[in-house]
Amino acid sequence: MWNRTQLTCAFILAGVASMLPTSAAPGPLETNSTDENAKIHVLHVRGNVYMLVGAGCNITVQVGEQYVMVVDTGLPQFTDDVIATVRKLTQLPILFLQNTSSDPDHTGGDEKLYRAGWSLPNPDRVDLVPRKDPDNTHLTLPPGASILASLKAMNRIDLPTGVKNDAVTYGPEGLKLYNDEPVVFYHMGKAHTDGDSMVFFRVSDVVSAGDIFTTTSYPVIEADNGGSVDGFIDALNDLVEILVPKYGEEGGTYVIPGHGHLSDRADVVNYRDMVTIIRGRIQKMIKNGTTLDQVKAAKPTLDYDGIYGTKSGEKFIEAVYRDLTKQKN
């Protein structure tokens with residue numbers, strides 16, 4: 001694993017440009033898929049960005065001028081279908097795989113997608129081989145995409161050593177790349193975990209948020225992996241700052257959540273407000289000496305359970321209660 005961040009990536013990509021196909025990506029063969037038999041459904045979000053649904057989490061695919069970037073890889077049983085779906089969108093090489101967290105439903109396809117992609121020609125590798133041409137002056141890239149993630153997330157991802165050693169990691173400074181548009185990686189520490197990331201495609205005006213924002217459940221806070229309710233709210237506030245609405249808080253910057261439907265700034269603001277309100281209710285009960293069982297019985301999530309579910313609500317209450325009582329002590 002190496003951590004040479006923006007400068008190294010910019011240098012390497014300059015070399016990659018001369019080695020990748022220069023023809024423009026073919027037009028998408030399947031977008032906004034309505035095939036009920038398809039395992040993976042495709043939604044063209046905007047610009048270069050597509051949302052793949054049905055692989056265990058929402059997968060973001062960005063088709064650039066010379067290569068493809070995939071954000072999150074889903075569960076392993078869907079990886080062949082994910083690869084086939086990407087190939088329907090474009091024949092350009094998969095060069096980068098970004099993990100927004102270390103969760104298995106976001107990283108399960110890493111190894112197979114890694115082997116389906118192309119690797120960066122970095123100076124530590126000796127397996128670049130001459131292309132079969134008359135003068136043997138060109139080099140070809142061996143198979144293998146480059147996996148990107150925060151260092152803390154990468155340390156938890158279960159991958160073969162060789163694959164992991166080729167990963168590109170970053171810390172709080174994040175990462176920036178250019179793939180026919182600026183792509184900015186934000187490290188959002190202490191939210192769902194302490195290794196969460198978001199990816200902002202600036203020209204397409206789309207953010208891939210991972211599990212920092214979902215529309216199907218309350219936040220999942222993994223305290224053992226550095227997550228916290230305060231950090232979660234901070235991350236949502238940072239996400240809101242990136243987003244720009246079009247009219248009346250609708251439209252504008254689109255957000256691909258870790259799970260659920262395509263969203264905009266209003267959806268994220270409502271989610272942020274929900275988390276903040278519930279934290280405040282539980283915090284007040286803790287100050288009054290209320291036990292966890294009493295907090296559960298008071299149902300502080302009741303007015304949101306119809307949207308996010310009572311089961312995930314109970315887990316959220318427990319996580320917030322334990323986090324806040326830990327802070328109090």
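A short reminder: the numbers here are calculations on the coordinates, not readings from a lab. Please read these numbers as outputs of a predicted model, since none were measured by experiment. Here Cβ is always computed from backbone atoms with ideal geometry, including for glycine, and neighbour counts include all displayed protein chains.
Normalised by residue count, segment 201-296 yields a Cα convex hull volume of 111 Å³ per residue. Cross-link pairs exceeding 23 Å between alpha carbons, from the set Lys112/Lys190; Lys190/Lys246; Lys88/Lys112; Lys152/Lys299: Lys112/Lys190; Lys190/Lys246; Lys152/Lys299.
Which net charge results for the neighbourhood of Gly47, defined as the other residues with beta-carbon distances under 14 angstrom from its beta-carbon, given Lys and Arg at +1 and Asp and Glu at -1?
Once all neighbours under 14 Å are counted, the net charge is -2.
With R₀ set to 45 Å, the beta-carbon distance separating Lys315 from Tyr178 gives a calculated FRET efficiency near 0.70. Where both residues lie in segment 193-329, what percent of DSSP beta bridges are antiparallel, nearest 5? Of the beta bridges lying entirely in segment 193-329, close to 55 percent run antiparallel. Between the beta carbons of His261 and Lys112, assuming R0 = 22 Å, the FRET efficiency works out to 0.25 to the nearest 0.05.
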